[in-house]
Amino acid sequence: VEYRGSVRPFVSFNAKHDAEVLHKAMKGIGTHEDTVLMLLTSRSNDQRQQIKAAYKKAYGKDLVSALKSEISGLFEDLIVALMMPPISYDATQLHKAIKGAGTDDQVLIEILASRSGEQIKEIIKVYKKEFGGKLEKDIYGDTDGHYRKLLVILLQGSREEGIDEDNVENDAKELYAAGKGKFGTDEEKFITILGNRSAEHLQRVFAAYKKLSGSDIEDSITSETTGNLENLLLAVVKCARSVPDFFAETLYKSMRVSGTDDETLTRVMVSRSEEDLLDIKASFKRMYGTSLYSTIQVKLTKV
């Protein structure tokens, strides 16, 4: 599979040397923030973990704590995010979204709708190890209704594989009958089909649904459901169609608000940097007619 991340492993990598450069950047008056940023963003996450280990060995202290004592604000958030292994970062974001007052549903929806089954299973393991609780139990206690049911299905990380030819038409008919074709909505059908079928299968179902009803499945979800359930169903549909398109839209929305939703911007850029950020950039350009780079640049220089 072709690598579609924007951050690649640094070719002539030397963890000990990088640890030394960071140590020097943090010594004396002020911190050379450019040095820290340029170094860490030109290393892969795996290489950053090796730099962490080399730093501890050479200087007897934790690199992340050392960096945090020197920097603050949004720059600190970005650097701390870059220094976490990807699965730990997802687990931490979910923990933060659930704990404390209220629930950050946007984070739950974004992560659970977009990660692969394998990634979700890893997140559950790391969550238990780092926070001592069961992710499913914590999410269950913080959510309700059909929204909760679909989150729990997604947490199983066990989507079917491939396309079940015999069931494409049937699934489309069931979705139509459960939504536009009846008075009231049978949410269970939407949850079962959208939560369990493979992305390839769902793409075929959406095409069949459009033929049958004359409109996109998103229109039906928007007119038949509301709130968190609507947002989660839409995210699942968008991710089945194209994960990069989903994240391009998420980034666009994070910068469309007055000011910027910096948490979302950081989370998406960091978590997709070694996954599919090149594809997200292409999607962004196609969807909004401008480059992601220049949009971020313009938005953040106004702040």
- Task: Determine how large the accessible area of D166 is when every protein chain is in place; take a 1.4 Å probe and give Å² rounded to the nearest 10.
- Result: 140 Å²
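Per residue, how much accessible surface does the stretch 59-179 expose to a 1.4 Å probe? Answer in Å², no decimals.
50 Å²
Kirkwood Rh, Cα Rg: Rg to Rh for the stretch 70-206? List each step's numbers first, then the result.
On the way: Rg = 17.7 Å, Rh = 16.7 Å.
Rg/Rh for the stretch 70-206 comes to 1.06.
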- Task: Write out the GluC sites (Glu not before Pro) in the stretch 1-62 meeting two conditions: DSSP loop, and at most 16 other Cβ atoms within 10 Å of their Cβ.
- Result: E2
- Note on the structure: Those GluC sites (Glu not before Pro) from the stretch 185-218 that are DSSP loop and have at most 15 other Cβ neighbours within 10 Å turn out to be none
- In whole percent, the fraction of accessible protein surface over the stretch 51-109 that belongs to carbon or sulfur atoms, probe radius 1.4 Å, stands at 55 percent
- Over the stretch 167-238, how many percent of alpha carbon pairs lie in each 5 Å bin up to the one with the longest distance? 3, 18, 34, 29, 13, 2
- Message: Run the helix sum for the chain: -39,500 (n - 2.57) per DSSP H stretch of 4+ residues, divided by residue count, reported at 222 nm to the nearest 500 deg cm²/dmol.
- Response: -22500 deg cm²/dmol
- Each residue of the stretch 273-289 in turn: what ³J(HN,Hα) in whole Hz from Karplus with 6.51, -1.76, 1.60 and θ = phi - 60°, glycine and Pro shown as x? 4, 10, 10, 8, 5, 5, 5, 4, 4, 5, 4, 4, 4, 5, 7, 10, x
- Note on the structure: Computed on Cα atoms only, the convex hull of the stretch 198-271 has an orientation-averaged projected area in nm² of 5.9 nm²
- Note on the structure: For the stretch 202-303, the percent of accessible surface on carbon and sulfur atoms (probe 1.4 angstrom, ligands and nucleic acids excluded) is 51 percent
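If I take R0 = 30 Å and measure r between the Cβ atoms of Y140 and E161 in this structure, what FRET efficiency does the formula 1/(1 + (r/R0)^6) give, to the nearest 0.05? Before the final figure, lay out the partial values.
Details: r = 27 Å, r/R0 = 0.89.
Calculated transfer efficiency: 0.65.
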- Provide, for q = 0.16 Å⁻¹, the log10 of I(q)/I(0) from a solvent-free Debye sum over equal Cα point scatterers in the stretch 1-101. -0.73
- Query: Nearest 10 degrees, 0 to 90: what angle lies between the long axis of helix 105-114 and the longest principal axis of the chain (Cα atoms)?
  - Reply: 80 degrees
- Between the alpha-carbon centers of the stretch 91-148 and the stretch 224-303, tell me the distance in whole angstrom. 20 Å
- Message: Tell me the accessible surface of D279 in square angstrom (1.4 angstrom probe, heavy atoms of protein chains only), to the nearest ten.
- Response: 40 Å²
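Where the convex hull is taken over the Cα atoms of the chain, what is its projected area averaged over directions, in nm²?
Values: hull surface 71.5 nm².
Reported value for the Cα convex hull: 17.9 nm².
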- Query: Which angle from 0 to 90°, rounded to the nearest 10, does the C-alpha axis of helix 145-155 make with the longest principal axis of the chain?
  - Reply: 60 degrees
- Message: Quick check: pseudo-label points 7 Å beyond the Cα along Cα→Cβ at K57 and L212, how many nm apart are they?
- Response: 6.0 nm
- Item | Convex hull of the stretch 177-303 built on C-alpha atoms - directionally averaged projected area, nm² | 8.9 nm²
- Per the 1/(1 + (r/R0)^6) rule, R0 = 22 Å and r from the Cβ atoms of S69 and R8, FRET efficiency to 0.05 is 0.15
- Query: Could you state the principal axis extents of the C-alpha atoms in the stretch 50-147, from the largest down, to the nearest angstrom?
  - Reply: 51, 28, 23
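First check a/c for the stretch 191-230, with a ≥ b ≥ c the square roots of the eigenvalues of its C-alpha gyration tensor; if it is under 1.5, answer rounded, and if not, answer prolate when a/b is larger than b/c or oblate otherwise.
On the way: a/c = 2.86, a/b = 1.16, b/c = 2.48.
Note, shape of the stretch 191-230 comes out oblate.
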- Note on the structure: Rounded to 0.05, the calculated FRET efficiency for the beta carbons of K24 and L278 at R₀ = 45 Å is 0.90
- Note on the structure: Rounded to the nearest 10, the angle in degrees between the Cα long axis of helix 262-272 and the longest principal axis of the Cα atoms of the chain comes to 90 degrees
- Quote the accessible area belonging to R286 in square angstrom, nearest 10, computed with a 1.4 Å probe and with ligands, DNA and RNA left uncounted. 150 Å²
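The values are calculated or read from the model by the stated rules, or taken from the named source; none is laboratory data. Given the structure is predicted, the values throughout are model-derived calculations rather than measurements. No Cβ is skipped: glycine too gets one built from the backbone with ideal geometry, and neighbour counts run over all protein chains shown. All accessible areas refer to the heavy atoms of the entire protein, side chains included, with ligands and DNA or RNA removed. Shrake-Rupley method; radii C 1.70, N 1.55, O 1.52, S 1.80 Å.
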